[in-house]
Structures are given as structure tokens and as C-alpha cells.
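Coordinate-derived values only; no laboratory data. Remember, it's a predicted structure, so these values are computed and weren't measured experimentally. When we count neighbours, we look across all protein chains shown, and the Cβ atoms used for this are built from the backbone with ideal geometry, even at glycine.
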Amino acid sequence: MQERLKEIFEWFHKNPELSYEEYRTTERIRKLLTEAGIEILPFPLETGLAAVIRGEKEGPVQALRCDIDALPIQEETGLPYASETPGRMHACGHDFHITAGLGAAFLLQERKQELAGTVKLLFQPGEESSLGALKMLETDVCDDVERIWGLHADPTNEAGVIGLREGYVSAAVDRFVIAIRGVGCHGAHPDDGIDPIPAACAVVQALQTIVTRNVNAFHPALISVTRIQAGNTWNVIPEEAVLEGTVRTMDRKDRSLMQERLTEIAEKTARAYGAQAQTEWIPGPPAVINDSEMAEYAADIARRRGFTVVPEEQSLGGDDFSFYEEKIPGCYIKIGTGKGQLIHQPGFMVEESVLEPAAAYLAAVLMGSEGRSGIETSDRKYE
């Protein structure tokens, strides 16, 4: 199994595709599942697919989400199987997610007579867009699913370590655009116009008071202004300045508060400078929240299989896995892939030794109420 998964993993790593462009990736997944005798569900997805394994024992309908898209990053790992597409790289471990999910599927298919219930495998496109989960949810694939599992490569922990926690894992991700409109004029005569740039600077400073003065100090939250754009030459005061950025929150009430205060501060601060502000709020995925019983169960299975279980690090990064959790209890598992460069960095790598143990672990989690699967791994350090 390890050699088979290694070959599969290296193919996906060499052939990264961006969000909603995962055509070859999808066909490769389809081919591998079909060769294993696993049923592909007939959903009209342009990229990505869903498959199902029906156990021969009574049990719940579960799902495993594996995201499949890559990032627009030039790889700098020096691996012999590095990306063959310039400017494209699996820098977030989705090649690992695909491979571990396929490995779990192969093991479950071989042991259908022991499988309690049904397992749906969601190979989801467009996670990096933050909205790919909605493509899956537009179908009825999750209508009968009773619990859903997600996984993510974790380069902050060694291979053989599983990160799990109950409750909040990652943040809600929202985007904002603030257009501050003044009156353009000659740079030597600012009194003839209304300069939007000082207003924009004041808005940037004022927005930070939302976190420091309006949000509970024990609630993780942030506002980052990541783009400021105004003007196109040195001697003209522009008519407009545009701010863009992101808001991250864990608590639902904080999320609403941030939107309300951000809009209010932008509009009133701009008005104090004689300008006008128009705010656009673009909501993204909500926070990822692990079901407590599922997290406890997954941790128990991990310990039985010889993994070290550590508290899952909370992050103000986001994941559209949370869209599934709005409908279904879920659990998002971090799997240590060897310490090194972090995700979204050009040197990010996954230790291949973790492929088989990760697949066997996921299969054990999905097998039934006690995870008694007869699924073993040849890598004895996880036994």
C-alpha cells in the first residue's frame, strides 16, 4: 500500500491544478476509484467528484472531504517529483489529502463486509477559493450524511502526530472593500478639492480599535488592511482611495459586530474629512467548529493506532469545510506531515512516510463505532 500511495501522491504533486481547473486531477481520481471497484456518484460537477462505499453492516452515513486544488506558487522544494507546471504547486497539502482519502477508500472497499454504514468520499474542487464546498452542497450528496470528516496536512508537527480539539479550530473568513471618494485637484492646491488619502489613512488606523475596544479580549479576532490604492501620478490629488482587506473571527456575534462597526467607522471617519465612504462586505466561510464527540472518538482511534495526539492549533486561517458543518456535525483533523516550511510557502513538503499510516487511520475512523477495522500499517512506529 505504501508504494502504491507513494506513486499516486507523486503524480498529483507533479500535476497541480488551480481552483476549478482540476480536470486532469478529477479524471485521475475517477480512474483510480473505478479501478478499485468503487462507485462514482453521478453528480453534475465540472471538476471534483463524489464516490460511495456501502458497508454490509448497519451504521451511519458518513462523509470524508478531501480538497484537490493547488496554489499559484512557484515550487522551490528540489524534490525529484516537483511540480511540472511553472507557477503552480501543491503548497497546501491537497495532494496529500487526495492520496490519504484514496488510500482510505481502497482499504474500506476491501473490507466492505466489516464496514458499519455508508461512506461518501467528497473530492472537492476550489477550496483555495473559499467557496468550493458550495459546489458540492449544490448537489444532494450530503442530504443524508450524518457526520463529516475533514483532514489537513500539518507541517508544524512530525509524522506520527495527530492534532485534534473540540470546538473552534479555524476562523470565519470575510473580505471587505472600502471606496473613499473625495474631490480630485492639483497636488499644489489641496484646498481646491477633498483629499481621500488622509481619510483612508485615518480609516485604517480607526479600524484597529474594533478589535482592541469592541471585541472581548478573550475572543480571537483580527482586521488586516492588505491593499491601499489611490492616484496614478505625483502631482495630482486623486478622486478616490480604495482599501481592501480581511476580517477573521471565531465567535458568530463578533462576526456580525465586526461588519457593523467596520461599516460605521469607515463612513463616519471619511465624513469627518469631508469625503464619502462606500463599504462592500464579501462574506466567506464561517468558523470551523469540531463536534466534541467526534473529536474525542477520533483521538481515541489515533491513540489506539499508535499516534501521538496533541491539541490542534487554532488558527485565524479559514477553511470552507465549515460550510458542511452548517448542516452536519463535523470534525477537522490535522495530520502531522513532518516539520518544515509552512503551508502556502514554496518549500512546503509532505514526508511520504505518513501516506499509509494516514490512510489507515482515516479508514479506521470511518469503519464504525469502535474503529475495529483489521486495517494495519506496515510502518511500525505508528503501531
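Computed per residue of the chain from DSSP H runs no shorter than four, each worth -39500 (n - 2.57), the mean residue ellipticity at 222 nm is -9500 deg cm²/dmol.
The long axis of helix 196-209 is offset from the longest Cα principal axis of the chain by roughly 50 degrees.
Pairs of lysine in the chain with Cα under 25 Å and at least 8 positions apart or on different chains: total? Lysine pairs satisfying the spacing and distance rule in the chain number 25. Its Cα gyration tensor gives the range 181-323 an equivalent ellipsoid; the semi-axes, largest first and in whole Å, are 44, 15, 11. Taking each residue as 0.36 nm, the span from Leu79 to Thr209 lengthens on full extension beyond its C-alpha to C-alpha distance by 42.3 nm.
Counting Lys +1, Arg +1, Asp -1, Glu -1, what net charge surrounds Trp281 among other residues with beta carbon under 13 Å of its beta carbon? Once positives and negatives cancel, what remains is -3. Which of (i) 25.1; (ii) 20.7; (iii) 22.4 is the computed Kirkwood radius over Cα pairs in Å for the structure on display? Here the calculated entry is (iii). For the chain, modelled as a GNM whose springs connect Cα atoms under 10 angstrom apart, the maximal fluctuation among Gln341, Gln229, Gln124 occurs at Gln229. Under the criterion of Cα pairs below 8 Å and six or more residues apart, the relative contact order for the chain equals 24 percent. Take the convex hull of the alpha carbons in the range 1-159; its mean projected area over all directions comes to 9.6 nm². Each Cα pair under 8 Å and six or more residues apart adds its sequence gap; the mean of these over the residue count of the range 288-358 is a relative contact order of 33 percent. Rounded to the nearest 20, the Cβ-based charge dipole of the range 258-360 about its Cα centre (Lys and Arg +1, Asp and Glu -1) stands at 260 debye.
Between amide H atoms placed 1.01 Å from N, distances below 5 Å from Gly245 occur with Phe176, Thr226, all of them 5 or more places distant or on a separate chain. Working from Cα positions, state the angle (0 to 90°, nearest 10) between the long axis of helix 355-367 and the longest principal axis of the chain. The angle comes out near 80 degrees.
Dipole of the range 180-266 computed with +1 at Lys/Arg Cβ and -1 at Asp/Glu Cβ about the Cα centre; of Thr226, Pro196, Val183, farthest Cα towards the positive end is Thr226.
Along the axis of the charge dipole computed for the range 215-339 (Cβ charges of +1 for Lys and Arg, -1 for Asp and Glu, origin at the Cα centre), the listed residues Gln259, Thr249, Phe307 are led at the positive end by Phe307.
Extending 7 Å from the Cα toward the beta-carbon at both Val183 and Val52 defines two label points whose distance is 6.6 nm. Peptides 176-183, 113-120, ordered by how many other C-beta atoms sit within 10 Å of their residues on average, highest first, read 176-183, 113-120. Summary of packing: across the peptides 239-247, 145-153, 35-43, the per-residue average of other C-beta atoms within 10 Å ranks them, highest first, as 145-153, 239-247, 35-43. The C-alpha atoms of the range 221-287 occupy a region whose extents along the principal axes are 45, 22, 16 Å, arranged from largest to smallest.
Axis of helix 23-35 versus longest Cα principal axis of the chain: the two differ by about 20°, to the nearest ten degrees. Spatial offset of the range 289-328 relative to the range 133-210 amounts to 23 Å, using the alpha carbon center of each.
Under the criterion of Cα pairs below 8 Å and six or more residues apart, the relative contact order for the range 65-203 equals 23 percent. Placing +1 on the Cβ of every Lys and Arg and -1 on the Cβ of every Asp and Glu, with no other charges, gives the chain a dipole of roughly 480 debye about its Cα centre. Rounded to the nearest 20, the Cβ-based charge dipole of the range 170-237 about its Cα centre (Lys and Arg +1, Asp and Glu -1) stands at 280 debye. Between the residues Phe123, Pro80, Ile53, the greatest Cα displacement towards the positive end of the dipole of the range 27-126, with unit charges on the Cβ of Lys, Arg, Asp and Glu, is found for Ile53.
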